[in-house]
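The values are calculated or read from the model by the stated rules, or taken from the named source; none is laboratory data. Since this is a predicted model, take the numbers as computed values, not measurements. Here the Cβ is made from the backbone with ideal geometry for all residues, glycine too, and neighbour counts use every protein chain on show.
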Amino acid sequence: MALISIIIGLFLDRTFRHLHDLRDMTWFEFYAQAIQRFTGKHVPPLQFIVILALPVLLLLGIQILLNDFLFNFPAFVFGVIVFIYCLGPACLSTDIEAYIHARTIGDEDEALHYAGTITESSASTSPDQQTSDVTRAILHVANERIFSTIFWFIILGPFGAMLYRLISELSKQIEYGDLAEFSEFIHSIMAWIPARMLAAGYALTGNFDGAYHAYKSRAHSTDYSQSNAEVLISTGLGAMHNLDITDELAGVHAAQALVMRAVIVWIGILAVLTLGGIFN
């Protein structure tokens with residue numbers, strides 16, 4: 001059931017772009033702010049637990065209640081809806097294609113906008129540097145936008161996907177100070193295994209030797225978040241080694257294709273495990 005939910009969710013996310021507008025997390029921001037005001041200056045772990053307890057336990061309760069109800073069809077529909085909601089916040093392929101289109105027609109302002117969306121930072125106005133930054137960003141934001149959500153959906157169902165997404169959102173609220181820092185620490189731990197799995201997918205679907213050597217020679221960091229990014233970027237670039245660069249956007253196209261191939265490989269592995277009865 002998880003496999004079918006993921007395939008349908010990814011298809012709908014890719015096909016119906018207006019679904020991205022439904023992923024509004026404003027409610028959680030207001031809710032988190034209200035809880036923080038209520039708890040005052042308590043230590044971050046306590047605030048973290050209190051903020052997440054109500055929404056994730058409510059969702060877990062629904063997940064448990066729908067289990068084995070009406071041949072699991074309501075649970076299946078619920079799972080697809082939650083999975084789609086937890087992807088993103090926007091479709092990575094859509095953002096990449098919008099960036100490529102803007103660069104192709106020479107719309108520098110639009111290209112700058114989508115480059116910033118993909119890199120999640122202020123993008124460079126230099127075309128070459130901008131393209132390089134976007135290429136590198138694609139390789140690691142794919143874990144945040146797609147693969148980690150898939151991983152936790154498989155492990156814990158809709159509850160796992162929502163837990164990961166809410167922790168991710170909480171970590172981005174910099175006005176929370178210590179709470180955001182603690183949330184980012186938990187978030188990076190949850191992304192650690194998916195990041196290595198996605199990097200392995202890059203190696204399997206790209207230049208394996210290049211990916212392996214890049215992984216071994218990468219810069220090491222004690223910060224989990226930075227480490228995850230370094231593993232994905234170095235392995236991804238290594239997997240793209242010996243790429244035939246025919247135009248300035250070839251790296252962007254190659255990174256997008258590499259991500260899609262890696263995700264498809266892991267979905268294929270999940271299909272085999274499902275047929276073997278390991279996952280249902």
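What to note about this one:
- Ile193 assigned to a helix (DSSP H, G or I), of a type in the set (Val, Ile, Thr) and closer than 21 Å to Tyr85 by Cα: no
- Selected residue [surrounded by 14 or more Cβ atoms within 10 Å (Cβ to Cβ) and either closer than 21 Å to Ser171 by Cα or modelled with pLDDT under 85 (or both)] from Leu54, Leu60, Leu87, Leu46: Leu87
- Among residues of region 117-131 that are closer than 12 Å to Glu248 by Cβ and in contact (Cβ under 8 Å) with a residue 12 or more places away in the chain, those with a beta-carbon under 6 Å from a residue that is among the small types (Gly, Ala, Ser) and surrounded by 11 or more Cβ atoms within 10 Å (Cβ to Cβ) at least six positions away or on a different chain give the pairs Gln130/Ala115; Gln130/Ala123; Gln130/Ser124.
- Number of residues in region 96-137 that are among the polar types (S, T, N, Q), under 23 Å from Leu232 (Cα atoms) and in contact with a helix residue (DSSP H, G or I) (Cβ under 9 Å, 6 or more places away or on another chain): the value is 9.
- One residue from Thr205, Thr274, Thr222 being surrounded by fewer than 19 Cβ atoms within 10 Å (Cβ to Cβ), polar (S, T, N, Q) and touching a residue at least 40 places away in the same chain (Cβ under 8 Å): Thr274
- With respect to (1) under 30 Å from Val265 (Cβ atoms); (2) in contact (Cβ under 8 Å) with a residue 40 or more places away in the chain; (3) not hydroxyl-bearing (Ser, Thr, Tyr), the lone exception for Phe11 is condition (2).
- Some residue of region 119-129 being crowded, with 20+ Cβ neighbours inside 10 Å, assigned to a helix (DSSP H, G or I) and of a type in the set (A, V, I, L, M, F, W, C): no
- For region 144-157, the condition of being over 30 Å from Ile49 (Cα atoms) and either among the aliphatic types (A, V, I, L, M) or in a helix (DSSP H, G or I) (or both) holds for none of the residues.
- Residue list for region 1-43, restricted to those being in contact with a helix residue (DSSP H, G or I) (Cβ under 8 Å, 6 or more places away or on another chain), charged (D, E, K, R), at pLDDT 80 or above and farther than 30 Å from Asp68 by Cβ: Arg14, Glu29
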